[in-house]
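The values are calculated or read from the model by the stated rules, or taken from the named source; none is laboratory data. What you see is a predicted model; the values in this text were computed from it and never measured. All Cβ positions, glycine included, derive from the backbone under ideal geometry; neighbour counts span all protein chains shown.
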Amino acid sequence: MIKHDLTWAAGLVLLGLALGLVTQWGVIQHGLQGTLELQIAAVEKEEAARRLAAIRTYTLDQALARHQEGRTLFIDAREPDEFRELHIERALNIPASQISAKFVAAALAGVALDHPIVVYCGSVDCHASLRVAEFLQKLGYTQVGVYEGGFRAWDEAGYPVDIVR
């Protein structure tokens, strides 16, 4: 009886392994070729582009113009230690890793749902700003956009920055 059960168990394990190999063969090939990271990055980029299509985006020049107008709230989606070190002048820090309705309600107390908001993160390859912007939209904020260049491009352009004192 035990031998029979072990035979069935081994057969099921082999069947599962075979099905896994067949269904995941493309991933396995990329792994064996050393191109899995590149493939994952390409898929992440495609997914971010799809999600960004539903959110207004700003170039470096457009973000600077919004900043100079002084009516737009800038939100830094990077981690607090990065924000403390250097951030866009007058920005608030709402890290993507800590986002919650309670955190946003406290951080944006008194900010109208139709107030212009631009969210940014570290660089063009960072998607933390997209996560925060999507979350703000779900909470009802209607004028949310993402500055795609990220803090690195802003800082390299010599635009206004600040530190937490």
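Has region 96-108 got at least one residue that is in the same structural domain as Arg78 (by TED's automatic domain parsing) and touching a helix residue (DSSP H, G or I) at 6+ places or on another chain (Cβ under 6 Å)?
Within region 96-108, one or more residues are in the same structural domain as Arg78 (by TED's automatic domain parsing) and touching a helix residue (DSSP H, G or I) at 6+ places or on another chain (Cβ under 6 Å).
Can you tell me which residue among Gly34, Gly11, Gly20 is outside the structural domain of Glu148 (by TED's automatic domain parsing) and either in contact with a Phe, Trp or Tyr (Cβ under 9 Å, 6 or more places away or on another chain) or exposed (fewer than 10 other Cβ atoms within 10 Å of the Cβ) (or both)?
The conditions single out Gly34.
Could you tell me which of the residues Ala65, Ala10 is at pLDDT 80 or above, over 19 Å from Glu148 (Cβ atoms), more than 23 Å from the chain's Cα centre (by Cα) and not in a loop (DSSP other than H, G, I, E, B)?
When all the criteria are applied, what remains is Ala10.
Would you mention how many residues in region 140-151 are at pLDDT 95 or above and on the phi < 0 side of the Ramachandran plot?
8
Going by what's in this entry, would His4 be described as within 30 Å of Ile117 (Cβ to Cβ) and either in a helix (DSSP H, G or I) or among the basic types (Lys, Arg) (or both)?
No, not satisfied.
If you scan region 68-84, which residues turn out to be among the aromatic types (Phe, Trp, Tyr) and in a strand (DSSP E or B)?
Correct list: Phe74 only.
Out of the helices (runs of 4 or more DSSP H) lying entirely within region 92-165, which hold 1 or more residues that are in contact (Cβ under 8 Å) with a residue 12 or more places away in the chain and of a type in the set (Ser, Thr, Tyr)?
Qualifying helices (runs of 4 or more DSSP H): 128-138.
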